[in-house]
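Notes follow once the structure below has been shown.
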Amino acid sequence: MQRQFRTVAAAFGALILLGASAGCGDGDTGSGGKLDMGIAVANISLNFAHEMVLGAESAADHAKDVDFKAVGPPNTDGPAEVQLFQNLTATAKDGIVLENLDPPIFTRPAAQAVDKGIPIVALDTSPTDGSKVGFYVGNDNYALGELMAKEALKRLGDDPKGEVAIGVPNPGTPVLDSRAKGIKDTFNKEAPNVRIVGPFQTYSDPGQNYSSWSAQVNAHPNALAFLGVGDADSYNLAKIKKQKNGKWLTAGFDVDPKTLEAVKDGSNFVAIDPQHFLKGYLSTAILIRSVRDNDGKLPDGWFLSPGGVVDSADIDEIIARQKSPEAAYDWYKPTIDKLLGDQDAQMHPLKDAR
C-alpha cells in the first residue's frame, strides 16, 4: 500500500531514439483511433529524463493504439534536442510532449509545430511567451527547494551558524533556478546566521559535476551542508562525502539508483523527488485524452504535479517502486487516478509556474 507521501502542491549523430510502443495495458486513458505521438527530452542518459520517458510510455501503453517515440540527446545539448524535436514533428503528428532545459531556443520550433496543428504539452519546464504552447505539467520547484532547506534545518539544530553551498547544474533554467531560490530564501528566513554561498554551476554531465563539487568542497571545508538541485548533484555529493569522510550534510534531487543508495546508507540525509515518472504519465495521458475526446484542444494553464521527500523512513519502499515501470505505475496509480479524476483542482495560471 502506498505510504502517505509528503508532498508539495519538482551532435545529431548522437541521437538516441527509443522504440515505438503499441498499447498493451488496461485502457486507463481512454480509447480511440490509432495515434502517432512522442516525447522529446533534454538528456536521455540522466535519470530525470529517463523517468519522464518511462511514465509517458506507460500512459501510451495504457491508452492503447498509440505509436509512441521518445527522442533526446545523450548529453545536455539544446540545439541537438531542437533538431530531434523538429524531426519528431514529421512523424508524431497527433501530439508531442516537450521537456527541455533551454526554453528560449524552443520558442520558434514549438510555435511552428503548433502552427502545423500538432498539440504540444510542455513538461517540467514552462513554455516561453511566443511558443504558442499554453499547457504545462510541472512541479512547484520553488516549494521543492523550500522542502529541501527545511529538511536540512531539521538536522542542523537550533540557530545554526556557518556556510551552506548551493549548486545548480544549468543556471538560467527556470526549474533549477526556482529550486535554488527556494533553498536560499528559506535559509535566509529561518536561519539568519547561515551564509549561503552560490549557487555555483555544477553541470549536468556527471564527470563535470563531480569536478565542480570537488572544487567547492575544497573551497568550503567547514561548510554545514552542500545542497544540489540536479540529478548528478545527489550521487556525486555522496561520493565526495564518503571519500573525504565528511561531516557536512549532503543532498540533491531525483531518484537515480546511486542517489537512492546514498540515502539508504545515510550518506545523503534526503533526496527530493520531483516524481518524474508521474509527470511523464500525466502529461501524456492528458494529451491523449485531449486528442481523442476534445479534438486536440488542451487545457490552458499549469497542471501542478506533486513531489516529495525520500528519506530513511521510506527508502525501501521507493527502491521497490523504482524496480520497473510496472512497479512505478502500481505505486503511482492512486495518485494518477486522483489527479486525472479532478484536473481542474490541479490547474493554475501559467504565469504562476515556478
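The values are calculated or read from the model by the stated rules, or taken from the named source; none is laboratory data. Everything quoted here is computed from the prediction, not taken from an experiment. No Cβ is skipped: glycine too gets one built from the backbone with ideal geometry, and neighbour counts run over all protein chains shown. Accessible surface areas use protein heavy atoms only, side chains included; no ligands, DNA or RNA. Shrake-Rupley method; radii C 1.70, N 1.55, O 1.52, S 1.80 Å.
Of the set (1) closer than 26 Å to S214 by Cα; (2) in a helix (DSSP H, G or I), all apply to N170 but (2).
Within segment 170-215, restricting attention to residues that are touching an Asp or Glu at 6+ places or on another chain (Cβ under 9 Å) and hydrophobic (A, V, I, L, M, F, W, C), which residue is nearest to N100 (Cα to Cα)? So, considering only residues that are touching an Asp or Glu at 6+ places or on another chain (Cβ under 9 Å) and hydrophobic (A, V, I, L, M, F, W, C), the one nearest to N100 (Cα to Cα) is V175. Put simply, of D115, D94 the only residue that is over 26 Å from D311 (Cα atoms), among the charged types (D, E, K, R) and touching a helix residue (DSSP H, G or I) at 6+ places or on another chain (Cβ under 6 Å) is D94.
Screening segment 241-261 for residues that are farther than 24 Å from D140 by Cα and polar (S, T, N, Q) and picking the one that is surrounded by the most Cβ atoms within 10 Å (Cβ to Cβ) gives Q243.
Could we say that N218 is open to solvent by 50 Å² or more (accessible area, probe 1.4 Å) and either under 30 Å from A113 (Cβ atoms) or outside any helix (DSSP H, G or I) (or both) here? Spelling it out, it is not the case that N218 is open to solvent by 50 Å² or more (accessible area, probe 1.4 Å) and either under 30 Å from A113 (Cβ atoms) or outside any helix (DSSP H, G or I) (or both). Restricting attention to segment 112-119, does a residue exist that is at pLDDT 95 or above, acidic (D, E) and open to solvent by 10 Å² or more (accessible area, probe 1.4 Å)? Among the residues of segment 112-119, at least one is at pLDDT 95 or above, acidic (D, E) and open to solvent by 10 Å² or more (accessible area, probe 1.4 Å), which makes the answer yes. When we screen K154, K150 for residues that are touching a Ser or Thr at 6+ places or on another chain (Cβ under 8 Å), surrounded by fewer than 18 Cβ atoms within 10 Å (Cβ to Cβ), more than 24 Å from M52 (Cβ to Cβ) and of a type outside the set (F, W, Y), the only hit is K150. Of all the criteria given as (1) part of a helix (DSSP H, G or I); (2) touching an Asp or Glu at 6+ places or on another chain (Cβ under 9 Å); (3) of a type in the set (A, V, I, L, M), the one not satisfied by I272 is (1).
The set of residues in segment 310-343 being open to solvent by 40 Å² or more (accessible area, probe 1.4 Å), assigned to a helix (DSSP H, G or I) and farther than 19 Å from S126 by Cβ consists of D316, E317, I319, A320, P325, E326, D330, K333, P334, D337, K338, G341.
Considering segment 1-88, the qualifying strands (runs of 3 or more DSSP E), each wholly inside and each with 2 or more residues that are at pLDDT 95 or above, run over 35-40, 66-72.
Considering each residue of segment 238-266, count those that are farther than 20 Å from V194 by Cα and either of a type outside the set (D, E, K, R) or part of a helix (DSSP H, G or I) (or both), and give that number. Give the steps one after another, and end with the answer.
Here is the first cut: in segment 238-266, the residues farther than 20 Å from V194 by Cα are 238-245, 253-266.
From what's left, either of a type outside the set (D, E, K, R) or part of a helix (DSSP H, G or I) (or both): 238-245, 253, 255, 257-264, 266.
The qualifying residues number 19.
Looking across S204, S131, one residue alone is in a loop (DSSP other than H, G, I, E, B), modelled with pLDDT of 95 or more and either of a type in the set (F, W, Y) or surrounded by 20 or more Cβ atoms within 10 Å (Cβ to Cβ) (or both). It is S131.
If we scan segment 274-287, do we find a residue that is of a type in the set (V, I, T) and surrounded by 22 or more Cβ atoms within 10 Å (Cβ to Cβ)?
Kept after step one, since they are of a type in the set (V, I, T), are these residues of segment 274-287: 284, 286.
Next, only the ones that are surrounded by 22 or more Cβ atoms within 10 Å (Cβ to Cβ) stay: 284, 286.
The answer is yes; a qualifying residue exists.
Scanning segment 298-330 for residues that are among the hydrophobic types (A, V, I, L, M, F, W, C) and touching a Lys or Arg at 6+ places or on another chain (Cβ under 6 Å) gives V309, I315, A327, A328. Evaluation of Y235 against the conditions (1) open to solvent by 30 Å² or more (accessible area, probe 1.4 Å); (2) touching a strand residue (DSSP E or B) at 6+ places or on another chain (Cβ under 8 Å); (3) part of a helix (DSSP H, G or I) shows that the sole unmet condition is (1).
Results for (1) closer than 23 Å to A90 by Cα; (2) not polar (S, T, N, Q), shown as yes or no for each residue.
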{"position": "A113", "(1), (2)": "yes, yes"}
{"position": "S131", "(1), (2)": "yes, no"}
{"position": "Y136", "(1), (2)": "yes, yes"}
{"position": "D140", "(1), (2)": "no, yes"}
{"position": "L153", "(1), (2)": "no, yes"}
{"position": "L156", "(1), (2)": "no, yes"}
{"position": "V164", "(1), (2)": "no, yes"}
{"position": "V168", "(1), (2)": "no, yes"}
{"position": "T173", "(1), (2)": "no, no"}
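Looking at L304, L282, L260, L287 in this structure, which one is in contact with a strand residue (DSSP E or B) (Cβ under 9 Å, 6 or more places away or on another chain), more than 24 Å from G182 (Cβ to Cβ) and at pLDDT 95 or above?
Working: L304 fails: more than 24 Å from G182 (Cβ to Cβ); L282 fails: more than 24 Å from G182 (Cβ to Cβ); L260 fails: more than 24 Å from G182 (Cβ to Cβ).
It is L287.
Would it be correct to say that T125 is outside any helix (DSSP H, G or I), in contact with an Asp or Glu (Cβ under 7 Å, 6 or more places away or on another chain) and open to solvent by less than 10 Å² (accessible area, probe 1.4 Å)?
In short, yes.
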